[in-house]
Each structure stands twice: as C-alpha cells, then as structure tokens.
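Engineer: Provided herewith is a single structure, encoded as structure tokens, for subsequent inquiry.
Where a number appears in this text, it was derived from the coordinates with a stated rule and is not lab data. Since the model is a prediction, treat every value here as computed from it, not as a measurement.
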Amino acid sequence: MSAGDSGYRRIRSDIIFGVLTPSGRLKLDSMKEDYGVSVSTLREILNRLASEGFVVAEGQRGFEVAPVSIQNLRELAGLRILLEHHAMTESFRAGDVEWEGRVVSAHHKLATTERAILSEGDDDPELRKRYDGEFHQALISSCGSRELMQTHAVVFDKYFRYALQYRGSATVEQHRALKECALKRDIETAKNILTDHINSCVAHALAIGTLK
C-alpha cells in the first residue's frame with residue numbers, strides 16, 4: 001500500500017471516528033507529520049475526501065472536516081433507507097446458498113461483538129463499525145449492482161459518524177431479526193425492521209443532545 005493510500009484510509013477513519021473533529025480546520029503542516037505524507041499528497045487526499053463529502057474545501061482558506069447536524073443525519077438516514085430497501089429487495093430475490101452463508105457469517109461476527117459490549121461494556125467502535133458494515137453489505141451483496149453497493153458503503157460510513165455511541169440490546173435484536181428475514185426471504189418485514197433500525201439512530205442522537 002502506498003503512503004498516499006495509507007494516509008487516505010487513516011484520515012478518513014479519523015474523520016468517521018471523531019479523532020478529527022467536525023468542522024475542525026485541517027492544517028497541512030501538522031498533518032504531514034501526523035500522517036507521514038507530503039503536503040502535495042495531503043492536498044490530493046483531502047480533495048478526494050471532499051468529493052466523498054467527508055471534507056469541505058474552502059478555496060484559498062484550505063480544508064476543514066465536514067460538519068455534523070441533525071439535518072444531515074436525517075438526510076443520510078433517508079438515503080440509507082432508500083438504498084437498502086431497494087438493494088435488499090433485489091438481494092433477497094436473487095440470493096442463493098452462498099449469499100445465505102455470507103449473511104450468517106457476517107451476523108455471527110457482529111453478534112459476538114455486540115454480546116461482548118453488552119456483557120463487558122468494552123466497546124471498540126472501529127471493530128463494531130467493521131462488522132456492522134460487513135453485515136449490512138452481506139444483506140445486499142446479491143443485489144447485482146456493484147455501483148449500488150459502493151454508494152451504500154460511502155453513505156454507511158457517513159452515517160456511522162453519528163453512531164459512535166452504542167445503542168444497546170435493541171440493536172442486537174434488530175440485527176438478529178434482519179438475519180432471520182433474509183433466510184426466510186421476508187423482504188417486507190425486513191424493510192420495516194431496517195427503517196426502525198436506522199430511524200432509532202436519529203432518535204438516539206436527538207436524545208443525547210449532541211447535535212444541532
């Protein structure tokens with residue numbers, strides 16, 4: 001992996017997990033030391049992240065981390081619902097035994113991680129995001145559209161900026177129910193569960209009062 005690719009992944013991850021704070025100024029001179037890349041490479045990385053919506057380019061003023069807001073969360077929630085409803089419909093219809101295996105395997109890893117969080121209280125947001133994302137991607141992995149899956153992955157990562165605090169046992173049950181719906185090919189119930197699953201994150205963000 002090149003230094004540029006490594007820097008891109010690290011900066012993107014640090015934005016998602018709040019290491020680089022929302023609306024924070026991105027100072028190239030200090031970042032080149034932190035991430036081990038040149039200023040010119042940093043500019044390329046930040047322009048790439050700006051095209052994905054994780055960074056805001058301010059012209060001559062430089063770059064800053066994309067802000068967070070309730071309105072943005074609601075937009076991302078709506079977009080996730082739109083994308084995943086369609087993708088799950090196609091995936092449930094076309095999925096075979098290999099797809100079922102991917103769903104069960106991805107759910108097992110996620111459920112094991114979630115049980116550890118609930119029993120031990122030791123949450124690793126990066127690991128949780130990885131397995132959460134893998135599970136939702138497994139659900140739609142037979143949708144037949146690579147572009148749809150890639151778009152969903154970007155939207156999921158933006159959405160996860162708002163899901164850093166774990167919401168508890170209700171999330172575990174929703175993930176389990178989605179797995180069962182997939183195995184039964186029960187798309188209508190799955191859509192309802194997914195809608196509640198996503199909207200619950202919006203309600204949680206409002207409840208903890210960290211957004212405006």
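Engineer: Against the longest principal axis of the chain, how steep is helix 146-160, in degrees 0 to 90 to the nearest 10, with axes from Cα atoms?
Structural biologist: In the chain, helix 146-160 runs at an angle near 70 degrees to the longest axis.
Engineer: Given the DSSP H assignment, sum -39500 (n - 2.57) over each helix run of at least 4 residues in the chain and divide by its residue total; what's the result at 222 nm in deg cm²/dmol, nearest 500? Intermediate values should be presented prior to the final figure.
Structural biologist: Numbers: 9 runs with 153 residues, N = 212.
Calculated from helices alone, the mean residue ellipticity at 222 nm is -24000 deg cm²/dmol.
Engineer: I need two numbers for the stretch 3-65: Rg to one decimal and Dmax as a whole number, Cα atoms only, in Å.
Structural biologist: 10.2, 27
Engineer: Let me ask something else about it. Given Cα pairs under 8 Å that are at least 6 residues apart, what percent is the relative contact order of the chain?
Structural biologist: Values: 217 pairs, mean separation 50.5, N = 212.
Across the chain, relative contact order equals 24 percent.
Engineer: Let me ask another. Highest GNM mean-square fluctuation, the chain, Cα pairs closer than 10 Å: which of 153, 163, 116?
Structural biologist: Greatest mean-square fluctuation among the candidates belongs to 116.
Engineer: I would also like to ask the following. When you take every Cα atom in the stretch 1-128, what is the radius of gyration, and what is Dmax, the widest Cα pair distance, in Å?
Structural biologist: Using the Cα atoms of the stretch 1-128, the pair Rg, Dmax is 18.7, 54 Å.
Engineer: How many percent of all Cα-Cα pairs in the stretch 75-212 sit more than 27 Å apart?
Structural biologist: Details: 1320 of 9453 pairs.
I get 14 percent for the Cα pairs in the stretch 75-212 exceeding 27 Å.
Engineer: In degrees from 0 to 90, rounded to the nearest 10, what is the angle of the helix 97-120 Cα long axis to the longest principal axis of the chain?
Structural biologist: The angle comes out at about 70 degrees.
Engineer: Something else now. What angle do you read, to the nearest 10 degrees and between 0 and 90, between the alpha-carbon axis of helix 70-94 and the longest principal axis of the chain?
Structural biologist: 40 degrees
Engineer: Next question. Count the lysine pairs in the chain whose Cα atoms lie under 20 Å apart, taking only pairs 8 or more positions apart in sequence or on different chains.
Structural biologist: Details: 109/129; 109/179; 129/158; 129/179; 158/212; 179/191.
For the chain, the number of qualifying lysine pairs is 6.
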